[in-house]
Amino acid sequence: MATNLQKATIEEIRHAAARICRDYLTGPWKVVTPENLVVKRISGGLSNFLYYVSLPDLNDYDVLEEQKQQQVNVNVNEDVIAATSTLTNSSAGFTHDDESASKAVGVTLAATELVNNEDDAASSAKQAHKRQRCDSDSRDSSSSKRLHAPKQEPREVLLRIYGQTHGDHALESMITESVVFALLSERNFGPKLHGIFPGGRIEQYIPARALTTAELGEQRILMRVAEKMGEIHSLNIPMSKEPDWIWNCMQRWVSGLESIVNGSVQTNTKSSVLKKQMELMRTFDYVHEIAWIRAIIDEGEYPVVFCHNDLQEGNILMRQPTAGQNERTPRESISSLRSNFDETLGDSLDGNSNISDTETNKSHSVSPLPCTELDTTNDSALDASFTADNEPDLIIIDFEYCAYNYRGYDLANHFIEWTFDYTNPQFPYFYHNSNNCATVQQRRDFIVNYLKKYHDDENYNITGQELIKVDAEIQFFTMLSHLFWSLWSVINVTSAIEFGYWEYGIARILEYQRLKAAYQAK
């Protein structure tokens with residue numbers, strides 16, 4: 001299923017969404033047709049195919065049901081007239097046989113009775129080719145009752161179709177990620193899980209929008225994100241507590257690097273990378289650099305916690321005010337720039353660290369009208385999207401990369417995202433401005449709020465020494481983040497997604513080299 005859906009047409013996606021939702025959800029999802037579903041593309045995903053799927057509006061659905069019922073009645077009337085005519089002729093031909101005549105009259109009377117009970121006939125004809133289901137809604141032919149989902153069933157969902165899988169442990173990683181997603185869902189971290197199917201899952205659709213890069217530095221949002229990260233880092237998840245995930249990822253990616261940088265594998269033809277930059281990619285020794293930075297980390301004492309590992313603006317949602325009943329189309333979309341399904345956890349349920357290689361995929365959508373791609377941004381987060389205590393209502397999503405990892409990495413990775421903006425509509429589809437980094441005071445405020453939430457103590461006494469220590473972790477692990485995502489980018493240049501993977505990888509390498517030189521100069 002997954003491979004076909006990655007290359008599916010709009011109509012194929014529509015029918016697949018209807019089939020999946022029918023099989024994994026109940027109530028009106030059992031009877032709604034593909035033509036009546038509202039399916040829209042969610043933009044921004046570079047790892048999975050994301051779709052907004054919704055039941056139709058009540059008014060629209062009633063009109064469609066009435067039209068279908070009228071057509072069924074017409075068809076039944078035509079069938080009854082034909083049957084009556086045939087049966088009348090048959091009875092006339094066998095009047096000399098009392099038994100045959102009796103049978104003919106009986107059948108004719110049955111046909112007449114069918115005419116007098118068109119509603120029952122229509123209902124029977126409609127259900128003739130449909131297997132009876134056990135859910136309560138499917139027993140009632142009333143469209144209004146069938147359209148109202150049971151309380152436990154949503155009217156709208158997010159359909160996630162996984163990207164291409166690679167590696168010997170791809171299936172194992174997907175299973176592990178799904179289990180952890182379910183655990184986080186039960187603990188109210190991220191969206192609820194409605195179903196898992198081969199090749200994807202059905203998630204809660206949250207009426208929200210992704211933050212913009214500029215909003216990450218706004219004080220109220222900065223402080224709230226710090227609290228969210230503190231909550232995540234305090235979780236105790238039943239998986240391997242060793243920080244092997246990041247090293248296993250890079251080790252597997254390095255194994256496929258040579259064929260790409262040497263040109264034996266076809267890559268993105270739109271790349272504008274200069275020959276000098278390409279030469280940098282070919283001569284950059286990832287094996288050596290990984291060994292160098294790992295040796296330093298192994299010699300130190302760096303806290304290991306449960307990490308998100310990709311807390312960028314696209315994975316932080318600002319909940320939107322509740323829309324009116326008839327506003328079925330979401331105003332904003334869920335952004336998931338690197339929500340990688342098969343690189344997610346790197347740790348199997350038995351504690352082994354197994355990482356599969358990744359391939360990225362863009363999100364798509366369909367709708368009854370021409371397909372409209374949902375945007376992922378808005379003018380400002382500082383609107384009505386705040387809680388009663390005037391705090392921004394943020395939701396963290398896409399835990400596909402989550403794993404136990406170094407605390408400093410997760411913190412550093414978030415601050416690096418302040419300098420990258422993925423909303424560029426033109427190639428290479430991102431902006432990079434290293435001057436947009438957080439100030440010393442902003443990092444300090446973030447760390448203070450983070451530690452209070454991590455320790456679950458608003459009065460937690462943070463010493464100056466602890467502040468310096470955490471900030472030093474951020475500075476050091478910034479190098480590892482650049483190294484990690486540069487390698488990720490190079491490996492993904494074979495993707496059909498329109499993104500400047502070469503350019504992004506080089507931007508990360510140059511930042512890594514600059515920071516390494518400064519580190520060694522100390």
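Readers should treat all values here as calculations from the given coordinates under stated rules, not as data from a laboratory. Computed from a prediction, not measured in an experiment: that's the story for all the values here. All Cβ positions, even for glycine, are placed from backbone atoms using ideal geometry, and neighbour counts span all protein chains on display.
Peptides 440-452, 204-216, 398-410 ordered by packing proxy, namely the average of other Cβ atoms within 10 Å per residue, highest first: 398-410, 204-216, 440-452.
With R₀ set to 25 Å, the beta-carbon distance separating residue 469 from residue 433 gives a calculated FRET efficiency near 0.30. Pairs over the 27 Å Cα-Cα cut-off, from the set 228/469; 276/516; 452/516; 275/516; 40/228: 452/516; 40/228. Once backbone amide H atoms are built at 1.01 Å from N, residue 404 has 307 as its partners under 5 Å, excluding neighbours fewer than 5 places away on the same chain. In order along segment 441-452, the phi-based Karplus estimate (6.51 cos²θ - 1.76 cosθ + 1.60, θ = phi - 60°) of 3J(HN,Hα) comes to 5, 5, 5, 4, 4, 4, 4, 4, 5, 4, 5, 4 Hz; Gly and Pro are listed as x. Given their separation in residues at 0.36 nm each and the Cα-Cα distance between them, residue 424 and residue 298 gain 41.5 nm when the chain is fully extended.
Approximating the spin labels as points 7 Å out from Cα along Cα→Cβ, the residue 251-to-residue 457 distance works out to 3.8 nm. Listed values for segment 240-246 are Karplus-derived 3J(HN,Hα) couplings in whole Hz (6.51 cos²θ - 1.76 cosθ + 1.60, θ = phi - 60°), namely 4, 8, 7, x, 8, 3, 5, and x replaces Gly and Pro. Amide H contacts of residue 256: none lie under 5 Å away among residues 5 or more positions distant or on a separate chain (H built 1.01 Å from N in the peptide plane; Pro and chain starts excluded).
Packing-based ranking of 182-191, 456-465, 511-520 yields 182-191, 511-520, 456-465, ordered from highest to lowest mean Cβ neighbour count within 10 Å.
Per-residue extension of 0.36 nm, minus the Cα-Cα distance of residue 280 and residue 517, leaves a gain of 83.7 nm for this segment. Projected label points at residue 445 and residue 242, each 7 Å from Cα along the beta carbon direction, are separated by 4.1 nanometres.
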